[in-house]
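Structure, as structure tokens:
Rule-based calculations on the coordinates, nothing more; no lab input. All of these numbers come straight from a predicted model, not from anything done at the bench. Cβ atoms come from the backbone with ideal geometry, glycine included; neighbour counts cover every protein chain shown.
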Amino acid sequence: MNNRTRIVNDPADLVPLLQVFKSDSHKRVFSSLLNGWKTENELEEILQEEIYNSLEMLKKIGLIESKWRMPEPGHTPQIEYHTCYSKLRADFQCSISDMSDLIRIAITDDEGLRNVADAMECEVKNGNCSVQNLSRTLNQSPTFLRGIAKRSQHLVVKGHRFELSKR
């Protein structure tokens, strides 16, 4: 078992963590990978479910690592996965209002959040990439916008700027 600790300095980094672990499927995949390196096929055999989406989410937020497993002669190499962290340390301070926004962002599938994310993407495409400028333009707190970006498949937070995802 890995004993590394994930340090969270930005409250918006909790959004993808809460989003991943609200899913029983993602949690089961993560728990299985705590015990050692496993391939996608081995995980599917153990869990008896499709695990591709869980692996993608866990990779996106940096909770798992991968490496190539050397096969027996004549077989194809496979990628195997393992957890990067077994502990979490949160070291930040934010207002209760910001924390409530971040929790809401993480646990809801609200259409209003999609509208804000779409507006953010449009602004970033037009060159308005600064967190502070977007905060003024969209009349939302910087923490709220960072949380939306952490949840989005299309936006990436880079310091005090937003960028479009290369995916």
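General remarks:
- Expected 222 nm ellipticity per residue - DSSP helices of 4 or more, -39500 (n - 2.57), all of the chain, to 500: -14500 deg cm²/dmol
- Pairs from 38/158; 67/125; 38/87; 38/125; 22/87; 125/150 whose Cα-Cα separation, in the structure shown, is over 28 Å: 38/158; 67/125; 38/125
- Over the chain, Cα pairs under 8 Å with separation of 6+ residues give a relative contact order of 27 percent.
- Three-way shape call for the range 5-90 based on the alpha-carbon gyration tensor, with the a/c threshold at 1.5: prolate
- GNM on the chain, alpha-carbon springs under 10 angstrom: the most fluctuating residue among 43, 155, 138 is 138.
- Pair residue 66, residue 92: separation of 7 Å Cα→Cβ label points (nm): 2.7
- Distance from the range 18-70 to the range 126-148 (C-alpha centre basis), Å: 32
- Base-10 log of normalised Debye intensity for the chain (one unit scatterer per alpha-carbon) at q = 0.09, 0.12 Å⁻¹: -0.37, -0.62
- Each peptide among 69-80, 45-56, 85-96 gets the average number of other Cβ atoms lying within 10 Å of its residues, and from highest to lowest they stand as 45-56, 85-96, 69-80.
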